[in-house]
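Here is the structure we will look at, set down as structure tokens.
The values are calculated or read from the model by the stated rules, or taken from the named source; none is laboratory data. Since we're looking at a predicted model, the values are computed, not measured. Note that we place each Cβ from the backbone using ideal geometry, even for glycine, and neighbour counts take in every protein chain shown.
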């Protein structure tokens, strides 16, 4: 059967940095005021080497970079914050966040530069500004935020800043839509929002016509890329189970209509401080998953689907659940983890006074409030949730290609620092394939999964070094396209192996042996600090020690940490 991937990502992406440059040429490669496209091929290659080694940006002065190589490398190690600038397994694993709000959202407050600087300080190599779609934003917001984004790109050179928006998906929930930078980014996003936003078009109700409008929006993005209005565009569904209005058939419809645009969903929502107990926190639902079904909710979803499990959405956290039912079709659908940052827990800022959002499309710049905001539900980008993308280089296109390919793993609270996963035929000496890819083998070949985990090794922003207690291997059978587009379980997926770790420094390696593979399967990983667990919703025989359902008003996110990887498929020949 065909897996459905448009590209083969199995070749080696290592780069040759052996060109010798003169002192002046090397200095130009280090000078971030010179754009990449003005460098010679040798200078550009050298700049990529510096970036991958963490020797550009990350708080270093020019004098520090131009000093002794050992001194610069030591400084880079101390400032890098785990942002993934060292090549690993042929890629730069760049941490990022595709769901961030600013003063251009009616329910947020920070400047673009505030979010970008914090994301950079907390180790992010890329982020997306996603102010809410709606009438005011569609009218003036897209243009107004763009100069702030362009200025942030210039001010913070070592974090990639995408412009996007949070789409009110017709007939469904919210989603991130973003484009690669270029001359057409503003006009394309503005036309998209005015033509296809559910709020702008009054198309929120669960009707076939509104579902069709959502598909038309994805088709518009694909056409914009095809016509080169923008270099690239992507869509990911945000907090998909929060209101129960993203039905299984809608998710399948988005993916099947434009699989190169609609690539996945938030495996874990933002607002992770929402469950911190009062008086130190809001005392609500973790992720702000605090409601129940409404008039437009899919009636088949269980009551548990409206809560998070270890901070993760029910669709992702349930082994054998909705995400696995999509993966069992053999088509890509990836997960991410993001801040959804609006107002930060413990911050001392307030919205600027005398703001008129409806008239101006933005709030005035924030001011000091004189007290800590313990009722806020959000963290700064990179502070808690991270989406790690295997990129071929430090570039906008590289990050988008990595996301589309599924070279992605996610974590909360810095539970681990690095993850390298390879599936390969046992004993043939090849490197195999990594996350998001497909291993093709002869029928009956023995296959193994090689896992290398770099443990936390440093305090997270709660000032503790997280301990990885256990790693689970989850395996499922690929059964082909679902006859029922609203199915959200798959019976042949379960936890097949668990490894006890109970360490927080150094590196651990494991080899899981799939044995002889005679039918299509996929494997994915999950890990935990082990502080909260419970049998999975489909039973202990499927998932004996999964994430526990989060308790409303009592869900400390720092004492319930998980990581998840995207899958690898293994397809035997006929």
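Among the numbered conditions (1) touching a strand residue (DSSP E or B) at 6+ places or on another chain (Cβ under 7 Å); (2) crowded, with 21+ Cβ neighbours inside 10 Å; (3) within 21 Å of residue 225 (Cβ to Cβ), the only one that residue 146 does not meet is (2). Of the candidates 287, 281, the single residue that is touching a residue at least 12 places away in the same chain (Cβ under 8 Å), in contact with a helix residue (DSSP H, G or I) (Cβ under 8 Å, 6 or more places away or on another chain) and not in a loop (DSSP other than H, G, I, E, B) is 287. A Cβ distance below 9 Å, combined with a sequence gap of six or more or placement on separate chains, defines the contacts here; from the range 369-383, residues that are in the same structural domain as residue 340 (by TED's automatic domain parsing) reach residues that are at pLDDT below 95 and surrounded by 15 or more Cβ atoms within 10 Å (Cβ to Cβ) in the pairs 382/81; 382/83. In the range 314-332 there is no residue that is in the same structural domain as residue 133 (by TED's automatic domain parsing), over 23 Å from residue 477 (Cβ atoms) and part of a loop (DSSP other than H, G, I, E, B).
Looking only at the range 111-132, residues that are buried (at least 22 other Cβ atoms within 10 Å of the Cβ), out of contact with any strand residue (DSSP E or B) (no Cβ under 7 Å at 6 or more places or on another chain) and not in a helix (DSSP H, G or I) come to 1 in all.
Name every residue in the range 469-492 that is closer than 23 Å to residue 327 by Cα, outside any loop (DSSP other than H, G, I, E, B) and within 24 Å of the chain's Cα centre (by Cα), in order of residue number. Selection gives 471, 472, 473, 474, 475, 476. Being assigned by TED's automatic domain parsing to the domain that holds residue 181, surrounded by 18 or more Cβ atoms within 10 Å (Cβ to Cβ), modelled with pLDDT of 95 or more and outside any loop (DSSP other than H, G, I, E, B) is a property that holds for residue 250. In the set 523, 551, 542, 517, only one residue is surrounded by fewer than 19 Cβ atoms within 10 Å (Cβ to Cβ), modelled with pLDDT of 95 or more and outside the structural domain of residue 267 (by TED's automatic domain parsing); that residue is 551. For the range 527-574, residues that are touching a residue at least 12 places away in the same chain (Cβ under 8 Å) and either within 19 Å of residue 305 (Cβ to Cβ) or part of a loop (DSSP other than H, G, I, E, B) (or both) total 33. Among residues of the range 208-223 that are in the same structural domain as residue 179 (by TED's automatic domain parsing), those with a beta-carbon under 6 Å from a residue that is part of a helix (DSSP H, G or I) and surrounded by fewer than 18 Cβ atoms within 10 Å (Cβ to Cβ) at least six positions away or on a different chain give the pairs 215/257; 218/257. Hey, does the range 449-468 have a residue that's closer than 21 Å to residue 326 by Cα and either at pLDDT below 95 or surrounded by fewer than 17 Cβ atoms within 10 Å (Cβ to Cβ) (or both)? There is no residue in the range 449-468 that is closer than 21 Å to residue 326 by Cα and either at pLDDT below 95 or surrounded by fewer than 17 Cβ atoms within 10 Å (Cβ to Cβ) (or both).
Residues that are surrounded by fewer than 17 Cβ atoms within 10 Å (Cβ to Cβ) and touching a residue at least 60 places away in the same chain (Cβ under 8 Å) within the range 175-207 comprise just one, 205. The condition (being in contact with a strand residue (DSSP E or B) (Cβ under 8 Å, 6 or more places away or on another chain), surrounded by fewer than 18 Cβ atoms within 10 Å (Cβ to Cβ) and in a strand (DSSP E or B)) is satisfied by just one residue among 495, 508: 508. If I filter the range 343-362 down to residues being over 27 Å from the mean Cα position of the chain (by Cα) and in a loop (DSSP other than H, G, I, E, B), which single residue comes out as nearest to residue 282 (Cα to Cα)? So the residue we want is 348.
Does residue 434 fit the bill of being in contact (Cβ under 8 Å) with a residue 12 or more places away in the chain, within 20 Å of the chain's Cα centre (by Cα) and surrounded by fewer than 22 Cβ atoms within 10 Å (Cβ to Cβ)? No; evaluated as a whole, the condition is false for this residue.
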